[in-house]
Amino acid sequence: MALASDKQANEENELLLSLPKERGLGAGPYLHLFQDFWCPSFYFPGVNNFQKHFHAKDSDVFVASFPKSGTTWLKALTFVIVNHQRFSSFDHHPLLSSNPHELVSFPEFILSHDFDDQILSLSNMTEPRLLATHLPFPSLPKSIAKSNCKIIYICRNPFDTFVSAWEFFTKKSSVSSHALTFEEAFEKYCNGIMGFGPWWSHMLGYWNESITRPNKVLFLKYEDLKEDAVFHVKRMVEFLDIPITQGEETTAVIENIINLCRFEKMKDLEVNKSGEIDNIAEKKNFFRKGKIGDWINYFSPSMIEKLSKIIEEKLSGSGLSFKLHS
Ligand code: A3P
């Protein structure tokens, strides 16, 4: 086993060395262009193991996202919905004592270390298994696309996503992005270079799949969820086909779910104020401002013009558009 894993590690190293690499916002020192996306060096072994060894079950639920688009929020909401029968008391809910990233794992991350233990714990998870991924749709393990498992995807307007990523990845922690200035990081982002980017192909991959297979992929936008959470959480419940009411009024239950996962409430929980997630990021950094339109405080007029043009060009004809202000 040790020999086999040494062999795999060597092959991965060789592959990594052969790939184009860049600095950009993301976990680890470099991003590597792998299967048409910029894979953070930190995730590379886990991505390989996820693609090679993960077997989706029909009952699996995946939360998918481009980083800094509202993953933490969507993990929390989906966890509450999927586990509604198991944890129906919101006064003693696991979300009050654990960070959403501790409750919903990224296989591409956990499979980068302790492989045998992690693959076993994935296969022993209570069903339905709730997992998360930042991988672009075409790079997901084949069994995810083939099985009847469901994916809820969230994305966010590219302006706020960039600012959120800038603030997160340049915070003092081991995911920090090594001496890029705001302007340099922005140029890279405009060229698609950020962990799991380009952001446009990431969004469009899931967007197109949600159109052709609406029962497979539910496509959400951070701004929509902020504006009308009741409507969109109802869509999530219907999409997952999970009974969440036992005689109670559906809207009241939905409102309780939303309240439990509210930004201010989560940010204020002791469990989210200190400590780290898997030694790579401080929990408190996952809760910054939680607003639409904070980008206005960061961008120069020429940057606004440049990113607006890229959004128009890359998303034109797709039907996908974003609200930039609240
Ligand atoms: P800001 O940096 O703009 O504040 P991700 O979870 O994908 O890493 O995205 C992080 C962004 O989502 C951060 O945005 C963070 O503040 C925001 N966020 C985290 N929890 C949230 C919640 N419960 N409701 C709304 N936004 C939330």
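The values are calculated or read from the model by the stated rules, or taken from the named source; none is laboratory data. Please read these numbers as outputs of a predicted model, since none were measured by experiment. Methodologically, a virtual Cβ is constructed for each residue, glycine included, from the backbone with ideal geometry; neighbour enumeration extends over all protein chains shown. Ligands, DNA and RNA are stripped out before the accessible areas are found, and what is left, the full protein with its side chains, is counted by its heavy atoms. Shrake-Rupley method; radii C 1.70, N 1.55, O 1.52, S 1.80 Å.
When region 7-23 is examined, which residues are found to be of a type in the set (A, V, I, L, M, F, W, C) and part of a helix (DSSP H, G or I)?
Ala9, Leu15, Leu16, Leu17
Checking Ala56 against (1) small (Gly, Ala, Ser); (2) in a helix (DSSP H, G or I); (3) more than 16 Å from the ligand (Cβ to nearest atom); (4) at pLDDT 95 or above: exactly one of these is not met. Which one?
With respect to (1) small (Gly, Ala, Ser); (2) in a helix (DSSP H, G or I); (3) more than 16 Å from the ligand (Cβ to nearest atom); (4) at pLDDT 95 or above, Ala56 is out only on (2).
I'd like the full set of residues that are in contact with a Ser or Thr (Cβ under 9 Å, 6 or more places away or on another chain), of a type in the set (Val, Ile, Thr) and farther than 18 Å from Ile151 by Cβ, limited to region 68-124.
Across region 68-124, the qualifying residue is only Ile110.
For residues that are surrounded by fewer than 18 Cβ atoms within 10 Å (Cβ to Cβ), touching a helix residue (DSSP H, G or I) at 6+ places or on another chain (Cβ under 9 Å) and closer than 14 Å to His84 by Cβ, tally how many sit in region 221-239.
The total comes to 1.
So if I check each of Phe196, Phe162, Phe186, which one is part of a helix (DSSP H, G or I), buried (at least 18 other Cβ atoms within 10 Å of the Cβ) and within 14 Å of the ligand (Cβ to nearest atom)?
Answer to the selection: Phe162.
Just wondering, is there one or more residues in region 59-70 that are assigned to a loop (DSSP other than H, G, I, E, B), at pLDDT below 95 and touching a helix residue (DSSP H, G or I) at 6+ places or on another chain (Cβ under 8 Å)?
Checked region 59-70: no residue is assigned to a loop (DSSP other than H, G, I, E, B), at pLDDT below 95 and touching a helix residue (DSSP H, G or I) at 6+ places or on another chain (Cβ under 8 Å).
Quick check on region 288-325: of everything there that is among the polar types (S, T, N, Q) and under 22 Å from the mean Cα position of the chain (by Cα), which residue is nearest to the ligand (Cβ to nearest atom)?
Looking at the filtered set, the residue picked out is Ser321.
Quick check on my filter: what residues within region 1-53 are open to solvent by 40 Å² or more (accessible area, probe 1.4 Å) and small (Gly, Ala, Ser)?
Ala2, Ala4, Ser5, Ala9, Ser18
Name the single residue, out of those in region 104-113 being under 16 Å from Leu131 (Cβ atoms) and over 14 Å from the mean Cα position of the chain (by Cα), that is least open to solvent (accessible area, probe 1.4 Å).
Across region 104-113, the extreme among qualifying residues is Leu111.
Only one residue in Asp116, Asp91 is open to solvent by 40 Å² or more (accessible area, probe 1.4 Å), away from the ligand (no atom under 15 Å from the Cβ) and part of a helix (DSSP H, G or I), so which one is that?
Asp116
When region 65-88 is examined, which residues are found to be more than 11 Å from the ligand (Cβ to nearest atom), open to solvent by 40 Å² or more (accessible area, probe 1.4 Å) and not small (Gly, Ala, Ser)?
Once the filter is applied, which keeps residues that are more than 11 Å from the ligand (Cβ to nearest atom), open to solvent by 40 Å² or more (accessible area, probe 1.4 Å) and not small (Gly, Ala, Ser), region 65-88 yields Gln85, Arg86, Phe87.
Restricting to region 273-326, name every residue that is in contact with a His (Cβ under 9 Å, 6 or more places away or on another chain) and part of a helix (DSSP H, G or I).
Lys283, Phe286, Ile296
Check whether at least one residue in region 256-273 is away from the ligand (no atom under 11 Å from the Cβ), open to solvent by less than 40 Å² (accessible area, probe 1.4 Å) and within 30 Å of Tyr43 (Cα to Cα), and report yes or no.
Yes, that holds for at least one residue.
Could you grab me the full set of residues in region 289-326 that are loosely packed, with under 11 Cβ neighbours inside 10 Å, under 17 Å from Glu183 (Cβ atoms) and polar (S, T, N, Q)?
Result: Asn297, Ser302.
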